[in-house]
Each structure stands twice: as C-alpha cells, then as structure tokens.
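Accompanying notes for the structure given below.
The values are calculated or read from the model by the stated rules, or taken from the named source; none is laboratory data. Please read these numbers as outputs of a predicted model, since none were measured by experiment. Methodologically, a virtual Cβ is constructed for each residue, glycine included, from the backbone with ideal geometry; neighbour enumeration extends over all protein chains shown. Only protein heavy atoms, including side chains, enter the accessible area calculation; ligands, DNA and RNA are left aside. Shrake-Rupley method; radii C 1.70, N 1.55, O 1.52, S 1.80 Å.
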Amino acid sequence: MRDEDRFDELEELTSVSHGAVLSIGGVSAQKLLAFLINLVLTASLSVSAYGAYALAWRIARILVRLASFGSTPTLVRFLPEYRDSPDKQDRFVGLAYLTTLVASTAIALGVGSFAGRINAATIEHPVFPLVLRLFCALLPFYTFIRLIGFQFRAIEWIEYSTLLRRLAWPIARLVAVSIAVALGYAVVGVAGAIVVAGAIVTLLAIWLVFIRTSLRPRTGASRPEVGTFYNYAIPNTFKVVGALLRSRIDVVLIGWFLTASAAGIYNVALFLTSLIAIPLIAFNQLLPPIASRLYAEGRVERLNAIYSTVTRLIFTITIAAAAVQFIYRAELLGLFGAEYTRGVLVLAIFVFGRIVANSVGATGWLLLMTDHQYLRSANSWALALLNVVASYHFIRQFGLIGAALGTAGSMALVNLLRLGQLYYLEGLQPFNAKFLKPLGAAAGMTVVMIAFRAILPGLSSLIVGAGAGLTTFGGLLALFGIERRDRIVASALYEEYRSMVGKAIGSGS
C-alpha cells in the first residue's frame, strides 16, 4: 500500500473512532436522560396514567422510524457520493425534506384518526386517545430532528448529530416534562409540553443546518434524481417495517400468551443486552458515509480494511461486556429485584445473540452503502416472518425462554446471512487472525470472574469480580500486543482531544 493510501486509511479510521467516542458518550447520556424522564413521570403520575403515556410514546417511537419514508439512509448513502456536486446534494436534501414532511403528516393524521379504536383494542384508558393524538402532532417535529441528525451524520459532522439526537432532544423532553409536572399538569399536559419541546428543537436543528453547513434544500430535482432517490428510499421503508415486525413481535406475543411479570423480566433482559449493542451503534455512526464514498470511488480493498479494523474494535469491546453480563447475569438481574433472577437463561441467550450480531459489524449498513437495498429489505422481511413463526411456536412450547430463542436466533441468523451476502457480492468480510487476541483475553477474563464469583457473595462479587476481570482483559490485550494501527489511531485521537481541551481552556481564560 502506498504511503498516501495508508495515511488516508488511518485518517478514515480516526474519523470513525472519533465518531464512536462521541456516540458512546452521547448514547450513554441519552439513556441516563431517558431514565430521569421516566423517573419524574412515575413519581408524578398514577400507574394507569403513566401506562397511557408509555404506550403512546412507544407508538410514536415506532412511527418515527417510518415517517421519513426511507429518507434518512438515503441521505447517508448519497450525500457523501455527491460531495463534489453541491447543487445535486441540495436537491437530494430537498427531496428528503419534502418526503418527510408529507409522509410524517399523513401518518400523523391517519394514526390520530384511529386513536379511539387503538384505545379500545388496547388499554381502554380515557385520556389515551388525546395523548396519542398529541404525540401524532409531535411526529413531524420528531421526524425532522431525526432526519437532520442523519443529515449531519452523512457529511461526517457527528458532533452535531450527537448534539441534536442524543442530547438536545432528550434534554428538552426532560425539561418539558419537569415543568409540566411542576405546574401540576396531568399526563395530557405532559404530552403537550413535549410537543412544544419538539417544535423548539426542530427550529434549533434547522438553524444549525443553515449556519453550520452550505446545504440548502432545493426543489427542481430531475426525473433521474427522483428515481434514484425513491429507488433507494422505498425499499428502505419496507425494510423498516420488516425490522419492526422482527424486533417487536416477541413483546406482543409475550403479552398475549404469558403474564405481566414475564413481560417485565423479558424487558429487563432486553435492556441489559442493549448496553452491549452500544459499541456497534457507536462505530456505525460514521462508517456508513465513509463506506459510501469509498464504494463510489471503487476503493473496495480499502473499505474492507477499514471494515475489518472497525469490526475488530467492536468485537473487542463487545466480548468484554458480554463476558461480564454472562458470568454475572444473576447478580445483574437481581439489581432490579429478586423476581427478575428468573430471567438468567433469557439473558444468557440474548448475550450470545448480541455477540454474533456485533461480531460481524455493520453488515446491514454496508449492504445499503453498496446499493443492495432491495436485498436488505428482502432479508428483513424473510427474517421477520421467520421470527413470527419461530417465536409463536417457541413461546407456546418453552414460554419466556422460547421468546428469547426466537428473537436472539433471528438476530444472529440475519447478521450471518448479511455477512455471507456481503462476501459473495462485494468480497467484504472482516475476519483475520487478529480477532484471536480479544478472544483469548476474554477467556482469561472469564476464568478470573468465575473464581471471584465462587469466593465472594452477591453484589460484592459483581463489583470486585467485574473490575478484576476487566483489568485482566486489558492486561492480556497488552501482553498479546496492541495492533500498530490501533496505537496510531488512539494517538491521533488523544492529540485531537488534547488540542480541543487546550483551545477551550485558552478561550475561557
């Protein structure tokens, strides 16, 4: 590899890693803020009123995935490719804004008109229809916040994407909820306050786009440009429907066949394993736009090298977090109450499913960035149908454990399928002998944690054993040898952050 190409590759890896660092902090802050929002609400509303809010909010979160009509991944795919054609970028942004406005408004009006029927078919709470209609009014604002976050992500400005989606929006919701509760408003007033917060954050997002970028939404897209946009957006919309069916059907079936306590145990196990997904989410923030650019330029070999390095970093963090959750699964579940320890096997199954999903890296995004959007949509629907059938039979046969088997098995299978497709179609696959180092370190870490679990009781075992295990993991990685490329990237990030801190201190003094 030429020195110039090696420098470019390291620069791209540094960019991806910088995005991951910011995203890990942003996602962690977002989860904390979500916890505080729910803490305020549960302390201020009755259980039934909170249930009405929670269901309406869950519906809004599902609808927001559909309401951009595939515009978010379309921007991530094409803004990097057309970076040398600003007018074309502007027309694609204009198509995305117009599509999002029409789709989000239509969905909001449609779902809002059925709020009464949805209430009759679900919780039958007197205020639920109004709360749901208010969240439908929020939907266009919520969708534009998400769309503009993806727009910043597409041009590799992850700071502003994180600011909007992970910080400004949840902070605005927390402030709105706190003010509404302090003024004595009930759940309807809380929902109304969140709508106002959404409008304010949307204005902030639009203002940031106009002052920080040269992108301006424009009309006048040619017929080929419209065709290119919707040829990508439409299959992605269908993919989202399939993904929602695949990832949410287990919760519906548990509510149908099992008890409320079983649903609670299942949700806690899902929450814990969602923490293991953070490194995958984080490193995937800037990898897709970089992959789109490299693919458009025909530099597939460099794309594969970056994919391999990023996936190994994801795997390294994943295997350490998964080892802690697997060994101390009873102790972790016990933090939520003794009854939740009934979910130890459920958590173990989810951990293995998440290891497989994280270990193959950004397979779904890479299929999208290499123009295989129809294949990804077909994957999503095929696995959704498989998950429906498998989860139904497994839950009937094995109960709560069956639900975990269906969902985790589907998650692992779809990622392995995508990996095989990427290799067959584009020659992309991330694995090499370097993956053995974190695997070996995790084996040593596991032995240490099992030993501490045998000699220490309960929570002290978790605290001391996990700390000793993670220390062992880091020590073994250092003993096996940190990869030269990783050291260079870490050094570049350190210098970048030191410079940022120095400038901040200098400007403040």
**Q.** Accessible area in the full protein assembly, largest first, 1.4 Å probe, for I319, I123
**A.** I123, I319
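Which whole DSSP H helices in the chain pass both tests: a Cα extent of 27 Å or more along the axis and a mean Kyte-Doolittle value no lower than 0.5? Provide the component values of the computation, followed by the final result.
Details: long enough: 3-44 (61 Å, 0.46); 47-66 (29 Å, 0.98); 86-113 (40 Å, 0.56); 128-154 (37 Å, 1.34); 187-212 (37 Å, 2.43); 223-257 (50 Å, 0.47); 300-327 (39 Å, 1.18); 373-398 (35 Å, 0.34); 400-426 (39 Å, 1.02); 436-455 (29 Å, 1.46); 458-480 (32 Å, 1.61); 484-508 (36 Å, -0.40).
TM-like helix candidates: 47-66, 86-113, 128-154, 187-212, 300-327, 400-426, 436-455, 458-480.
Shape call for the chain from the C-alpha gyration tensor, a ≥ b ≥ c root eigenvalues: rounded (a/c under 1.5), prolate (a/b greater than b/c) or oblate? Intermediate values should be presented prior to the final figure.
On the way: a/c = 1.39, a/b = 1.03, b/c = 1.35.
Rounded.
Sort I455, I234 by heavy-atom solvent-accessible area, probe 1.4 angstrom, most to least. Working shown, then result.
Numbers: I455 125, I234 65 Å².
These residues rank, largest area first, as I455, I234.
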Q: Report the full-extension gain for the segment V447 to I211: residue separation times 0.36 nm, less the Cα-Cα distance, to one decimal in nm.
A: 79.6 nm
Q) Considering only protein heavy atoms, what is the solvent-accessible area of D84 at a probe of 1.4 Å, reported in Å² to the nearest 10? A) 130
Q. Using unit Cβ charges (K, R positive; D, E negative) and no other charged atoms, how large, in debye to the nearest 20, is the dipole of the chain about its Cα centre?
A. 720
Q | Extreme residue, positive dipole direction of the chain, given options V181, L479, A67 (C-beta unit charges) | A | V181
(Q) Could you sort the peptides 133-139, 442-448, 41-47, 472-478 by per-residue average Cβ neighbour count (10 Å cutoff), highest mean leading? (A) 133-139, 442-448, 472-478, 41-47
Q.
Using a 1.4 Å probe on the protein heavy atoms, what percent of the accessible area of region 347-391 belongs to carbon and sulfur?
A. 80
Q.
Just the number please: accessible area per residue for the chain, 1.4 Å probe, all protein chains included, in Å².
A. 44
(Q) Ignoring everything except DSSP H segments at least 4 long, calculate the 222 nm mean residue ellipticity for the chain; use -39,500 (n - 2.57) per segment, divide by total residues, nearest 500. (A) -28500 deg cm²/dmol
Q: Run the accessible area of region 1-153 with a 1.4 Å probe and give the carbon-and-sulfur part as a rounded percent.
A: 64
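I'd like the trypsin sites (Lys or Arg not before Pro) in region 284-346 restricted to DSSP loop residues with at most 16 other Cβ atoms within 10 Å, sorted by number. Provide the component values of the computation, followed by the final result.
Numbers: sites: R293, R299, R302, R312, R329, R342; in loops: R299.
Listed in order of number, the matching sites are R299.
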Q: Loop only per DSSP, at most 11 neighbouring Cβ atoms within 10 Å: give me the GluC sites (Glu not before Pro) in region 59-157, ordered by residue number.
A: E124
